[in-house]
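Working notes for the structure below.
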Amino acid sequence: MVDPSVCPPKRDVELADIVRQFGPQYISQYGERMMPSQKKALSDIAACCTKELGGRLYRCDDCDESFWRYHCCRNRACPKCHGSQTQQWLEERQADLLPCDYFHAVVTVPSELRAVFRREQKLLYGMLMQVSAAAVKDLCAHKRHLGALPGMLSVLHTWNGRLGYHPHVHLLITGGGITPDGQHWEPARGEYLVPVSVLSRKIAAQFRAALKAAAPAIFADIPASVWQREWVSFCKHYGHGNDAVLTYLSRYVFRTAISNARILDMDESHVTFRWKDRKANGWRTERLPGVEFLRRFLQHVLPRGFHKVRYYGLWHPSKRDQSNRAWLLLILATPADPAGLLKLTRLSDVLSQLTELTDQALNEVLDDEELPRCPHCGSCRTRLLGEYPRLGGP
């Protein structure tokens, strides 16, 4: 039998390992074309959880072993660094979550526009998010659909399962809204919110008009035939209250282009990862040269300063008073419904439920205040010996 202390088990491959191995080669080939945010992502991810970022030295009182816990990079493209961010974000957003039905909408850019989106990312990503929310808001304002102002959370994604370039926006929409007089909560009519075909045409037309007005030179370079393409979008009922919100937030808000769990293997020249084939409803594997893998990954690093999560309608910061009124109206509308009251009381549990889902990620956040478990024996009886700064100073 092999002594495990002599031959330890193979550690799972992480994105940071791939960046450290193939990053220098990638920079040598493509460095002149990289955005500053892409260079920073490579640098941060390579240093994540290493002594380069500094850390803390602990000792276990049970087995008397000492161990390091290095700080994480906190780059938004790093798949290891979102446990605490998710928790903090939910704490800040908890008051916005309304005990009502929710709808999930997705707006996808036609393939013919992807090249111009890649060239003009900051402008067109923001325009896509703004136009998509405005189209939903306009349709919801019509009495035949809703006749009210809903709350909307918009999240930009730019990838598909194979890390291909696929810009699209996810929208979480409240299943109801405040009426124009601000006095009533108007619920959605069952599992219907707005007509999807009308929504698609409206988004396409409004995006075309917005681009022509904001950037006529860019608009002029786009063939007229592109605007004849149908924009793919859908809007479906997503459930009621905290369950829907929890599922949505955990799936979309802090997702990165690839998680460490999807990376299967790495050798001297290639990376193997898995991706979900939605059409076949199963998992597939793909093996790519390491530099090509990084090329696909880095095209999803957003421009510096771009906000991928935005709030519209009832959830816009300027509508805080109306959002608070919506809370009151929903509470007053459900006193005779024990199940409804139960949903309201359980809404406060959203944070704790999400924390349970992200416990593993939280344990990887290296600069939290809680004492870590000993990696040698698993004991909680550890103590801090000292904190050491990052290499090269602050």
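Computed values, structure above
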| item | result |
| --- | --- |
| For a label point 7 Å along the Cα-to-beta-carbon line of His376, residues of the stretch 54-68 with backbone N under 19 Å | 56-68 |
| Inter-site label distance for Tyr192 and Lys279 at 7 Å from Cα along Cβ, in nm | 3.2 |
| Cα extents of the stretch 139-194 along the three principal axes, largest first (Å) | 46, 19, 14 |
| Cα-based radius of gyration of the stretch 250-322 once divided by 2.2 N^0.38 Å, which approximates compact folds | 1.58 |
| For q = 0.15, 0.25 Å⁻¹, Debye-computed log10 I/I(0) when each Cα of the stretch 284-326 counts as one equal scatterer | -0.61, -0.89 |
| The stretch 286-303 - phi-based ³J(HN,Hα) in whole Hz, Karplus 6.51/-1.76/1.60, Gly and Pro as x | 9, 10, 10, x, x, 5, 5, 4, 5, 4, 5, 5, 6, 5, 9, 7, 6, x |
| Three-way shape call for the stretch 33-185 based on the alpha-carbon gyration tensor, with the a/c threshold at 1.5 | oblate |
| Convex hull volume per residue for the stretch 106-207, taking Cα atoms only, in Å³ | 108 |
| Net charge of Cβ neighbours under 12 Å - reference Arg278; Lys, Arg +1; Asp, Glu -1 | +3 |
| Around Thr179: net Lys/Arg minus Asp/Glu count, Cβ-Cβ under 10 Å | -1 |
| Charge sum, other residues only, whose C-beta stays under 11 Å from Cys377's C-beta, Lys/Arg counted +1 and Asp/Glu -1 | -2 |
| Centre separation in Å (Cα based) which lies between the stretch 272-314 and the stretch 192-238 | 23 |
| Computed P(r) (all Cα pairs; the stretch 187-333; 5 Å bins; percent) | 2, 6, 8, 11, 15, 16, 14, 13, 9, 4, 2, 1, 0 |
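Read the figures in this text as sums done on the coordinates, not as results from a lab. From a predicted model like this one, the values you see are computed outputs, not experimental measurements. Glycine gets a Cβ as well: all are built from the backbone with ideal geometry, and neighbour counts include every protein chain shown.
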